[in-house]
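S.K.: Here it is, the structure, as structure tokens.
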Amino acid sequence: MRILIVDDADDSCDLTEAVLLSAGYTDVRIAHSAQEAFKVMDIASCSERAGAEVDVVLLDVVMPEIDGIEACARMRSDPRYADTPIIMVTSVDDVASLGSAFVAGASDYITKPVKRVELLARVRAALKLKAELDRRQQRERELLGLGSTGGERRISQWVDDTTGLLVGEVGEAYLMAAEDSAVDGTGAVVVLAIDRLDAYRSVQGDDAARTILSRVARAVRRLSANIGVVAAAYRHGMIMLVGPELSAELARELGERLCKAVSTLEMANSESIAADHVTASVAVATGPARASSDRMNLLSNAISTLRTAQAAGGNRMVGVAL
């Protein structure tokens, strides 16, 4: 696997490289700045080549000129690295900045000084996650290919133009067809809706509402890519995230992070009740997922719970266990 270490400190780079090489990772590259990393990753040249140049990035948070958080966001903006594990490397004093790093698209983090056991565990977990994401993307491609069997179909029938996510019906098809491989047969469905979006649309117009949806969808993609769920958007604006094997704990954590990520965008919304900016309500439904009827029950309960959360003022995450 191709691992890229991005750190301006030589000692830190040498230590991390030595640990990885001793564990059998032979293709380890080093960049001493974000700009150098962009060159290694072929981002700076705006290349249109299909393949990614690295499989895992170990990215220092504190660096001169372009810090790790900005670098992470830049890497995520390249479609080739949308799902590439990016592990932030930070000192104990900088842990407070991790919230911004996760919003920017970070997958995980480790602290300095790097410990061998922790580093290797994080890298192995990241590679396992990447393999799962590749499997998920293959399944999405198969779903999109369903439309070609009856003749030539436009891709817009399967992908929402505003958000770039799969349309809700395709998400439901994935939910129905998901194979349960979890030991306890449980799953999770997460739904998100922007608070007071219809009121905002009636005042500001459709284009302004679409801009909000597009930015929220980008934040959703970053978070969902990190844990291997499938995101789909309904035409009225609600976003569904399907995690057939997602634990209740991880689902609730995802819901909290989604709420925070939308609020962190700080988009003005004069029609909001909960705040002076755009907020979202998120509902998480967890429970049995062995049969397709179980999974659809999760979705219907999540939507019902979401409506209750919005009626209560919004800007919150609520959960229901079935």
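The values are calculated or read from the model by the stated rules, or taken from the named source; none is laboratory data. Everything numeric in this text was worked out from a predicted model, so none of it was measured. Here Cβ is always computed from backbone atoms with ideal geometry, including for glycine, and neighbour counts include all displayed protein chains. Calculation scope for accessible area: heavy atoms of the full protein, side chains included, ligands and nucleic acids excluded. Shrake-Rupley method; radii C 1.70, N 1.55, O 1.52, S 1.80 Å.
S.K.: Just give me the residues in the range 12-29 being more than 15 Å from Gly68 (Cβ to Cβ), surrounded by 17 or more Cβ atoms within 10 Å (Cβ to Cβ) and more than 26 Å from the chain's Cα centre (by Cα), in sequence order.
M.R.: Leu15, Glu17, Val19, Leu20, Tyr25
S.K.: Name the residue that is nearest to Ala121 (Cα to Cα), counting only residues in the range 25-67 that are among the small types (Gly, Ala, Ser) and at pLDDT below 90.
M.R.: If we take residues in the range 25-67 being among the small types (Gly, Ala, Ser) and at pLDDT below 90, then Ala52 is nearest to Ala121 (Cα to Cα).
S.K.: Look through the range 92-117, keep the residues that are among the small types (Gly, Ala, Ser) and open to solvent by 40 Å² or more (accessible area, probe 1.4 Å), and return whichever of them is modelled with the lowest pLDDT.
M.R.: Restricting to residues being among the small types (Gly, Ala, Ser) and open to solvent by 40 Å² or more (accessible area, probe 1.4 Å), the top hit is Ala96.
Let's see how each residue does on (1) surrounded by fewer than 17 Cβ atoms within 10 Å (Cβ to Cβ); (2) in contact (Cβ under 8 Å) with a residue 60 or more places away in the chain; (3) of a type in the set (D, E, K, R):
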| position | (1), (2), (3) |
| --- | --- |
| Arg221 | no, yes, yes |
| His236 | yes, no, no |
| Leu246 | no, no, no |
| Glu249 | yes, no, yes |
| Asp276 | yes, no, yes |
| Thr286 | no, yes, no |
| Ser293 | yes, no, no |
| Ala312 | yes, no, no |
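S.K.: Here are the criteria: (1) at pLDDT below 85; (2) closer than 22 Å to Asp206 by Cα; (3) hydrophobic (A, V, I, L, M, F, W, C). Tell me which single one Ala280 does not satisfy.
M.R.: (1)
S.K.: Being farther than 26 Å from Val320 by Cβ, at pLDDT below 85, open to solvent by less than 10 Å² (accessible area, probe 1.4 Å) and under 19 Å from the mean Cα position of the chain (by Cα), is that true of even one residue in the range 129-150?
M.R.: Yes; the residues of the range 129-150 include at least one that is farther than 26 Å from Val320 by Cβ, at pLDDT below 85, open to solvent by less than 10 Å² (accessible area, probe 1.4 Å) and under 19 Å from the mean Cα position of the chain (by Cα).
S.K.: Could you grab me the full set of residues in the range 2-29 that are at negative phi and assigned to a loop (DSSP other than H, G, I, E, B)?
M.R.: Asp7, Asp8, Ala9, Ala23, Tyr25, Thr26
S.K.: Can you tell me which of Ala188, Ala178 is at pLDDT below 90, open to solvent by less than 40 Å² (accessible area, probe 1.4 Å), more than 22 Å from Gln310 (Cβ to Cβ) and not basic (Lys, Arg)?
M.R.: Among Ala188, Ala178, only Ala178 is at pLDDT below 90, open to solvent by less than 40 Å² (accessible area, probe 1.4 Å), more than 22 Å from Gln310 (Cβ to Cβ) and not basic (Lys, Arg).
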